[in-house]
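Here is the structure we will look at, set down as structure tokens.
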Amino acid sequence: MSEAKRTRRGFTLVELLTVLAIITLLVGLLVPSLTMIRRTAKETKQKAMLASIEAALTAFRNDYGDYPPSDGWDFTINPPDGDTSPYGGAQKLVEALLGRDLMGFHPGTGWRLDDGMYPNAEGTPPEVMDLNLRQRKDRYLELATVNPFYMGVTSEHDGLYHIPGMPSPSPLFPGRNTFVLCDVFGKRKVTLGNGDVVKAGTPILYYKANTSSKLLKDGPDLDLRIYAAYDNVGVIVSEDIEEDGATGQQPLANPADNWLNFYDYIQDPTVPYWPYRPDSYLLITAGFDGIYGTADDICNFGN
């Protein structure tokens, strides 16, 4: 056999570089597509979660004649009735559908943070009322489908935010031992009671419509409008501060210009000066970017 036939020709450097360039190009095309697929899947899952919450709220209304309240309070004025922290829409949504302690709703609730767990008209002490589980109603949602998490980190449990203890130095901070429902876009790690570490999303906001009102963004008192922009302000500000220690990044928590960011956000473009769903409620999630009031939010209204 000749020497020429025994010699095997390998790849040249140019050929190897060409193959590597083609592989790099294909990976560059594939990775964004996979990222978009994962994001679309999460958005679909989030829409399904909101649909489950809507069904649960309908069941609650059928049982009690109305949707749960969402009122918080305006942090630019003194808190009402001596409340030291806001207890607004996101937290009251959990109380209605799961119970404040996730053990079922109690019909005797006072819908307040500092009145004890479940005060009632007969004067039963709150601690006794809380122990009487026989008066609780079944949960309207399965816990595993809606991601409930504590608002704050304490010595007893982990939570979403590092909220100062009571009394807090700012009335913006909600109670650390209250629960909120979180979206599917896991942004931070939370350690559960059994030691498992899970990804927690951003709280789902809940605003109940004032059906007796005909005002969207006019009038000095937000309580007289169809929706009150400050109903979830404690939760939104907690998210804002946890990001970088400052406020101002969340459009829906900005009181400048009489909360116009919020009211422009919820305005139905097909009906001048009118919000979406003026006869029921709004559900808002922060979406992929974790910022309330941006284009990637997943809501139960609009597109």
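State all residues of the stretch 190-213 that are over 20 Å from the mean Cα position of the chain (by Cα) and surrounded by fewer than 13 Cβ atoms within 10 Å (Cβ to Cβ); if no residue qualifies, say none.
Start the filter on the stretch 190-213 by keeping residues that are over 20 Å from the mean Cα position of the chain (by Cα), which leaves 193-196, 210-213.
The answer is 193, 194, 195, 196, 211, 212.
Which residue pairs have Cβ atoms under 9 Å apart, sit 6 or more places apart or on different chains, and have a first residue in the stretch 51-69 that is free of Cβ contacts under 8 Å to residues at least 40 places away in the same chain and a second that is part of a helix (DSSP H, G or I)?
66/60
Of the numbered conditions (1) modelled with pLDDT of 85 or more; (2) under 28 Å from residue 152 (Cβ atoms); (3) of a type in the set (Gly, Ala, Ser), residue 108 fails exactly one; give the number of that condition.
(1) is the only condition that residue 108 fails.
From the list 194, 177, 210, pick out the single residue that is modelled with pLDDT of 90 or more and not in a strand (DSSP E or B). Quick ask: steps written out before the conclusion?
Values: 194 fails: modelled with pLDDT of 90 or more; 177 fails: modelled with pLDDT of 90 or more.
Being modelled with pLDDT of 90 or more and not in a strand (DSSP E or B) holds for just one of 194, 177, 210, which is 210.
Can you confirm whether residue 239 is assigned to a helix (DSSP H, G or I) and surrounded by fewer than 16 Cβ atoms within 10 Å (Cβ to Cβ)?
Criteria not met by residue 239.
List the pairs whose first member sits in the stretch 260-280 and is free of Cβ contacts under 8 Å to residues at least 40 places away in the same chain, whose second member is aliphatic (A, V, I, L, M) and not in a strand (DSSP E or B), and whose Cβ atoms are under 7 Å apart, counting only residues at least 6 apart or on separate chains?
Going by the 7 Å Cβ cut-off, the qualifying pairs are 261/252; 262/229; 262/252; 265/252; 276/266.
For the stretch 242-259, which residues satisfy the criterion of being without any contact (Cβ under 8 Å) to a residue 60 or more places away in the chain and surrounded by fewer than 21 Cβ atoms within 10 Å (Cβ to Cβ)?
243, 244, 245, 246, 247, 248, 249, 251, 254, 256, 257, 258, listed by residue number.
Filtering the stretch 285-303 down to residues that are surrounded by 14 or more Cβ atoms within 10 Å (Cβ to Cβ) and of a type in the set (S, T, N, Q), which residue is nearest to the chain's Cα centre (by Cα)?
Applying the filter and picking the extreme gives 285.
Is at least one residue of the stretch 46-63 of a type outside the set (Ser, Thr, Tyr), modelled with pLDDT under 85 and either loosely packed, with under 10 Cβ neighbours inside 10 Å or within 25 Å of the chain's Cα centre (by Cα) (or both)?
No, the stretch 46-63 has no match at all.
The values are calculated or read from the model by the stated rules, or taken from the named source; none is laboratory data. Just so it is clear, the model here is predicted, and its values are computed rather than measured. Because the Cβ atoms are built from the backbone with ideal geometry, glycine has one as well, and the counts that use them run over all protein chains shown.
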